[in-house]
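The values are calculated or read from the model by the stated rules, or taken from the named source; none is laboratory data. Worth saying up front: this structure is predicted, and the values here are computed from it rather than measured. Ideal geometry is used to build each Cβ from the backbone, glycine not excepted, and the neighbour counts take in all protein chains shown. Heads up: the accessible areas ignore ligands, DNA and RNA and are worked out on the full protein's heavy atoms, side chains in. Shrake-Rupley method; radii C 1.70, N 1.55, O 1.52, S 1.80 Å.
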Amino acid sequence: MRRRQRSGPAPDTPVETTIERLGGRGDGVARLYEGELYVPFTLPGERVRARLGAPRGDGWAGRLDAVLQAAPERATPACRHFTRCGGCALQHLGSAAYADFKRDLIVSALARRGLAAGSVLATRISPPGSRRRASFAAQRGPRGCAVGFHAAGSTRLVPLVECPVAQPAIVALLPALAACLADCLPPGGTADVLVTALDGALDVAIDSATVPGLAAREALAGFAAERDLARLTWSGEPIALRRAVRARFAGIAVALPPGGFLQATAEGEHAILEAVGAASPSRGKVADLFAGCGTLSLPLAARGLAVHAVERDEAACAALDEAARAARLPVVAVARDLDRQPLAGHELDALAAVVFDPPRAGAAAQAAALAASTVPTVIAVSCHPGSFARDARSLVDGGYRLDTVQPIDQFLWSPHVELVAVFRRP
């Protein structure tokens, strides 16, 4: 089928327009001719001058030239890199309106699935400087190596001098990391870097197509010692292991595998645990699906619940099992791909509750199996409102009632939001 030709001016033509709403990516949205114009870094009610860019959906992407009339919700950005680095989309939005925007992402996703949103609570927001886990891009150029974020919709890398979202210790590492990688990557070479802050120490996982030689390995080991890193790995291979890398859930130490999952902020993790704990039964057996290294399994078991934990990643499953055994907690950890083999039928019969916390794609197969079960309480943790709403529709169609949804913002000034939702059999 031939795509409908849009009418309107040519690309890069300046237009003046009024922003009507914020879209799901945090861009301002205005009506323009027969479509919509998406203009980043603008707010509802603002009169702006923008330039047309590439087609986007049934409209156009736009580039902001000037805000002609600002909205009262406009705030001063917290970072010099804002609008350039691609990491944040909403630093210009005041705190009250920002909290409402995060909540509305969930409300809108539910509405698209025909589900009422009266159960969606106010957003709980992690503070600036609290992100303990951050991913960066690195690239060696003619003037050395840059470490930072890619500009929005671009391969251009913006080196970071500051970042008000991440913990200061992570940001302080970046210049030395860039200098080290300049000695390890070939000209034009790239890498992805995951930095995690735990118990006052940093864990650095570098992933690159480049295979480090002896000189590079020595440089990396020296960098790890100089910066007192707990661990440094390259494409999963340990380069330096100076002390154990451990996360703590309900005070129980877990040996975190390289690249192992951890909630982005301690405050966000606490909010998730609080919401899950409040909805969980006081006794009986529960299942924790997509369990990771035990973020939820261990606190639930510490409360006296028998936990059946299921996780696809074998290293994470082994770390959870080892920690539970050492703490003598009633946890059975099983490695299993729930997308291909969801818990179903008799496996669900004896459970007082099921908690599931899948990746962004959601848990379509597992939600369908739960919808056909008699489990009294289902607690969904999600980092994607769209896939959550799809799975919620399955549960509601299976007879569950959506009681509450708690939005939790661990991704400050981004268009992403976490949530905990509680479903119960009437």
Spot the failing condition for ALA138; the list is (1) at negative phi; (2) of a type in the set (Gly, Ala, Ser); (3) open to solvent by 10 Å² or more (accessible area, probe 1.4 Å), and only one is missed. (3)
Counted residues in the stretch 23-69 being among the charged types (D, E, K, R), within 15 Å of GLY153 (Cα to Cα) and free of Cβ contacts under 8 Å to residues at least 40 places away in the same chain come to 2
The stretch 91-114, residues that are acidic (Asp, Glu) and open to solvent by less than 20 Å² (accessible area, probe 1.4 Å): none
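For GLU46, are the conditions met, namely being in contact with a helix residue (DSSP H, G or I) (Cβ under 6 Å, 6 or more places away or on another chain), farther than 25 Å from SER387 by Cα and at pLDDT 95 or above?
On the way: in contact with a helix residue (DSSP H, G or I) (Cβ under 6 Å, 6 or more places away or on another chain): no; farther than 25 Å from SER387 by Cα: yes; at pLDDT 95 or above: yes.
No: the conditions fail for GLU46.
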Exactly one condition in (1) out of contact with any Leu (no Cβ under 7 Å at 6 or more places or on another chain); (2) closer than 22 Å to PRO127 by Cα is false for PRO258; which is it? (2)
Looking at the stretch 80-90, which of its residues are touching a Leu at 6+ places or on another chain (Cβ under 9 Å) and open to solvent by less than 40 Å² (accessible area, probe 1.4 Å)? HIS81, CYS85, GLY87, CYS88, LEU90
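I'm trying to understand the selection: among the residues of the stretch 24-38, which are surrounded by fewer than 17 Cβ atoms within 10 Å (Cβ to Cβ) and either over 25 Å from PHE411 (Cα atoms) or in contact with a Phe, Trp or Tyr (Cβ under 6 Å, 6 or more places away or on another chain) (or both)? Write out each step before concluding.
Just the residues of the stretch 24-38 that are surrounded by fewer than 17 Cβ atoms within 10 Å (Cβ to Cβ), to begin with: 24-25, 31, 33-34.
ARG31, TYR33, GLU34, listed by residue number.
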Could you tell me which residue of the stretch 145-165 is most open to solvent (accessible area, probe 1.4 Å), considering only residues that are among the small types (Gly, Ala, Ser) and in contact with a helix residue (DSSP H, G or I) (Cβ under 9 Å, 6 or more places away or on another chain)? ALA146
Number of the condition not met by SER373 [criteria: (1) part of a helix (DSSP H, G or I); (2) without any contact (Cβ under 8 Å) to a residue 60 or more places away in the chain; (3) in contact with a Leu (Cβ under 6 Å, 6 or more places away or on another chain)]: (1)
Near pairs, Cβ below 9 angstrom, 6+ apart or cross-chain, from the stretch 302-315 (farther than 21 Å from PRO358 by Cβ) to any residue that is part of a strand (DSSP E or B): ALA302/PHE249; ALA302/ILE252; ALA306/LYS285; ALA306/VAL286; ALA306/VAL331; ALA306/VAL332
Hey, could you check the stretch 365-391 for residues that are within 22 Å of GLN263 (Cα to Cα) and hydrophobic (A, V, I, L, M, F, W, C) and say which is surrounded by the fewest Cβ atoms within 10 Å (Cβ to Cβ)? CYS383
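So, in the stretch 235-253, how many residues would count as being part of a loop (DSSP other than H, G, I, E, B) and in contact with a Lys or Arg (Cβ under 6 Å, 6 or more places away or on another chain)?
Here is the first cut: in the stretch 235-253, the ones part of a loop (DSSP other than H, G, I, E, B) are 235-236, 242-245, 250-251.
So of that shortlist, the ones also in contact with a Lys or Arg (Cβ under 6 Å, 6 or more places away or on another chain) come out as 245.
Qualifying residue count, the stretch 235-253: 1.
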Which residue pairs have Cβ atoms closer than 8 Å, lie 6 or more positions apart in sequence or on different chains, and pair a first residue in the stretch 70-99 that is over 17 Å from ILE125 (Cβ atoms) and in contact (Cβ under 8 Å) with a residue 40 or more places away in the chain with a second residue that is of a type in the set (S, T, N, Q) and open to solvent by 20 Å² or more (accessible area, probe 1.4 Å)? GLY86/SER154
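So which of PRO342, PRO358 is in a loop (DSSP other than H, G, I, E, B) and within 23 Å of VAL107 (Cα to Cα)? Before the answer, list the steps.
Values: PRO342 fails: within 23 Å of VAL107 (Cα to Cα).
The unique qualifying residue is PRO358.
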Any idea which of ALA191, ALA176 is over 27 Å from GLU322 (Cβ atoms), open to solvent by less than 10 Å² (accessible area, probe 1.4 Å), of a type in the set (Gly, Ala, Ser) and touching a Phe, Trp or Tyr at 6+ places or on another chain (Cβ under 9 Å)? ALA191
When the stretch 248-306 is examined, which residues are found to be more than 13 Å from LEU198 (Cβ to Cβ), of a type in the set (Asp, Glu) and surrounded by 20 or more Cβ atoms within 10 Å (Cβ to Cβ)? ASP288
Output the number of residues of the stretch 392-410 satisfying the condition of being surrounded by fewer than 22 Cβ atoms within 10 Å (Cβ to Cβ), over 17 Å from ARG112 (Cα atoms) and not acidic (Asp, Glu). 4
